[in-house]
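K.L.:
Below is one structure. I have some questions about it.
The values are calculated or read from the model by the stated rules, or taken from the named source; none is laboratory data. Quantities reported herein were computed from a predicted structural model and do not represent experimental measurements. Here Cβ is always computed from backbone atoms with ideal geometry, including for glycine, and neighbour counts include all displayed protein chains. These accessible areas exclude ligands, DNA and RNA; they are computed on the full protein's heavy atoms, side chains included. Shrake-Rupley method; radii C 1.70, N 1.55, O 1.52, S 1.80 Å.
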Amino acid sequence: MSSEDHYDFIALGAGEAGKLLSWDLSSKHGKRCAVIEHGPIAGACPTVACMPSKTFVHLADVLHHTQQDAPSIASGYSSNGSVVANMTAVIARKKAVVDGLADMFLNAFDSTNVELIRGHGTLVGPKTISVNGRLLTADTIVINTGSKAAVDKNMPGLVDAKPMTHVELLELTSLPAHLIILGGGYVGLEFAQVFARLGSRVTVIERNAQVLKVEDSDVITELTGVLTREGVQLQTATTVDSVSGLSGDEVTLCISGPGPSLIKGSHLLVATGRVPATGGIGLVENGIRLTATGHVAVDDQLRTSAPGVFAVGDCAGSPYFTHIGWDDYRVVLASLTGAPRKGGTANRQVPSVLFTSPELAHVGLREKEAQSQEIPYRLAKLPMEAFLRTRALGDTDGFAKVLVEAEGDKVLGFTALGPQAGEMLPVVQLVMKLGLSYKEIADLIIVHPTMCEGLVDLFRSVPEQA
Ligand SMILES: Cc1cc2nc3c(=O)[nH]c(=O)nc-3n(C[C@H](O)[C@H](O)[C@H](O)COP(=O)(O)OP(=O)(O)OC[C@H]3O[C@@H](n4cnc5c(N)ncnc54)[C@H](O)[C@@H]3O)c2cc1C
Ligand SMILES: NC(=O)c1ccc[n+]([C@@H]2O[C@H](COP(=O)([O-])OP(=O)(O)OC[C@H]3O[C@@H](n4cnc5c(N)ncnc54)[C@H](O)[C@@H]3O)[C@@H](O)[C@H]2O)c1
């Protein structure tokens, strides 16, 4: 093997952590690095997941507020000039965002001198990858192959109906007349509201008794109330027995549950979770153990069972969020360079935001988790109308709640359902990370009228210890 084919570091897949590691190791540590990518550059987040979907969320929000507010506040608004979505323009805006990010990432590869190899990589020996007819070796390999939308091959008729995943949905140039969404999780709910706001009829079919099954029931009651008022039809505790027809034309679902037994729509989206992209790339054959769920088995430092091989992000079973992929980068960087970091992946904070309107932001313990684990807590809860900013925004749906230790002052968990609720999370996260008293937030002077201002009132209303 020539020295041209040996690298210090190779990332298989240009996901979040792999590309960041390669850029850092090359530009700051002088390592020879390559990233192998068989799809669009830079992984799912900027191309088919977070960034394009949040562009859709924003555009649907603009349209929704224009439809809602313009008639009452705009002079000269024509009564017959209703505002309707132009999907070609929506897609063009999304494409501009995705293309802009692609340029940014290509520049990063260039400026850090990291080789981007476009092709499908497969492990063919210890720390050896075959790609485009080349055999490449590296001292360190990071598996960063991500995940794919799960499509249940055992559901009669589903595959033949050619359902969309988020990838195809984000390319639709005309609005579905009736979009049926299978799965009431993150993907399903974000897109349900987006397409309802853009003008589609939307039905979500969820097999569990509630959408977002981990969330507290008060959160779900409030969130589903908003979605339902906006026209999203939610059918929970519903099983799909069979699918017929073709998505994009007409699809019919035979279902069992509390509602009707048949549902017809024009388009079908599968949003039923994700499967790790770990099959057929030589992992097991080369000593890299997989878990029962098909993720790469890793330890707290994201080391696999093969020496010198790490796995990061979705494929390693890290919580499926880009910011967690980003943290995986820091964990592996610490192993490889000694960069400072306290601890590995165990017990790290996993903040999350569901980007519906209102946003659902969460960190730490939920009430039902505290109850099932018999962790005593004090609870404070305030409606969003007490966060005065929401009144100016005309967007007062939702509430925020905080769980504080029963016999101490540490914050156990925080949930907010409200406009831009995600922007409030870091304040609470910091207090939790540093193990400070909740009173540190209650004592802050926070600018009026910002969303975070409401945190002061929320934390001031925590009941005294019994
Ligand atoms: C619709 C949607 C919206 C989302 N929104 C958010 C959000 O708002 N916020 C958030 O935090 N998370 C969000 N997520 C989750 C987030 O996108 C993922 O958790 C994250 O992108 C995973 O990153 P990763 O680095 O693990 O892998 P990926 O980004 O999936 O990268 C893996 C890469 O590896 C490539 N690859 C795979 N196998 C090979 C091979 N053999 N050879 C070469 N290349 C290969 C793939 O083409 C891919 O580019 C969303 C997900 C979806 C589906
Ligand atoms: N805002 C964000 O950060 C964001 C946005 C989108 C996706 N994501 C990430 O991507 C992951 C995947 O999202 P997702 O929505 O595909 O998965 P998910 O796990 O969040 O939700 C899938 C839902 O589908 C339901 N389901 C599964 N099979 C079904 C069936 N046969 N019939 C009816 N319902 C069924 C499940 O009960 C579940 O409620 C999320 O877990 C999240 O981590 C994050």
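K.L.:
Given the residues ALA306, ALA316, ALA292, ALA271, which is the only one that is surrounded by fewer than 22 Cβ atoms within 10 Å (Cβ to Cβ) and closer than 25 Å to LYS213 by Cβ?
P.N.:
ALA292
K.L.:
Here is a further query. List the number of the failed condition for TYR7; all other conditions in (1) open to solvent by less than 20 Å² (accessible area, probe 1.4 Å); (2) in contact with a helix residue (DSSP H, G or I) (Cβ under 9 Å, 6 or more places away or on another chain); (3) among the aromatic types (Phe, Trp, Tyr) hold.
P.N.:
(2)
K.L.:
When you scan region 8-63, how many residues do you find that are over 16 Å from TYR329 (Cβ atoms) and among the hydroxyl-bearing types (Ser, Thr, Tyr)?
P.N.:
Final tally of qualifying residues: 3.
K.L.:
Taking region 210-236, which residues are near ligand 2 (Cβ under 10 Å from one of its atoms) and in a loop (DSSP other than H, G, I, E, B)?
P.N.:
The answer is GLN210, VAL211, LEU212, LYS213, VAL214, THR236.
K.L.:
Still on this structure, I have one more. Which ones in region 33-46 are free of Cβ contacts under 8 Å to residues at least 60 places away in the same chain and surrounded by fewer than 21 Cβ atoms within 10 Å (Cβ to Cβ)? Please lay out each step first, then the result.
P.N.:
Keep residues of region 33-46 that are free of Cβ contacts under 8 Å to residues at least 60 places away in the same chain, which gives 39, 46.
The one that is free of Cβ contacts under 8 Å to residues at least 60 places away in the same chain and surrounded by fewer than 21 Cβ atoms within 10 Å (Cβ to Cβ): GLY39.
K.L.:
Looking at region 151-180 only, could you name the residues that are within 12 Å of ligand 1 (Cβ to nearest atom) and in contact with a Leu (Cβ under 9 Å, 6 or more places away or on another chain)?
P.N.:
MET164, THR165, HIS166, GLU168, LEU169
K.L.:
Hey, can you tell me all the residues within region 373-427 that are free of Cβ contacts under 8 Å to residues at least 60 places away in the same chain and small (Gly, Ala, Ser)?
P.N.:
Residues satisfying the conditions are ALA392, ALA400, GLY408, GLY413, ALA416.
K.L.:
Moving on. From the set of residues in region 398-450 that are part of a loop (DSSP other than H, G, I, E, B) and under 22 Å from the mean Cα position of the chain (by Cα), which is farthest from MET384 (Cα to Cα)?
P.N.:
Among them, the one singled out is GLN420.
K.L.:
Give the residue, chosen from SER357, SER335, that is closer than 30 Å to GLY225 by Cα, hydroxyl-bearing (Ser, Thr, Tyr) and more than 11 Å from ligand 1 (Cβ to nearest atom).
P.N.:
SER357
K.L.:
For region 241-251, name all the residues that are part of a strand (DSSP E or B) and open to solvent by 20 Å² or more (accessible area, probe 1.4 Å).
P.N.:
Of everything in region 241-251, those that are part of a strand (DSSP E or B) and open to solvent by 20 Å² or more (accessible area, probe 1.4 Å) turn out to be ASP241, SER242, SER244, GLY245, LEU246, GLU250.
K.L.:
Can you name the condition, by its number, that LEU136 falls short on among (1) farther than 30 Å from PHE56 by Cα; (2) open to solvent by 70 Å² or more (accessible area, probe 1.4 Å); (3) away from ligand 2 (no atom under 16 Å from the Cβ)?
P.N.:
Status for LEU136: all satisfied but (2).
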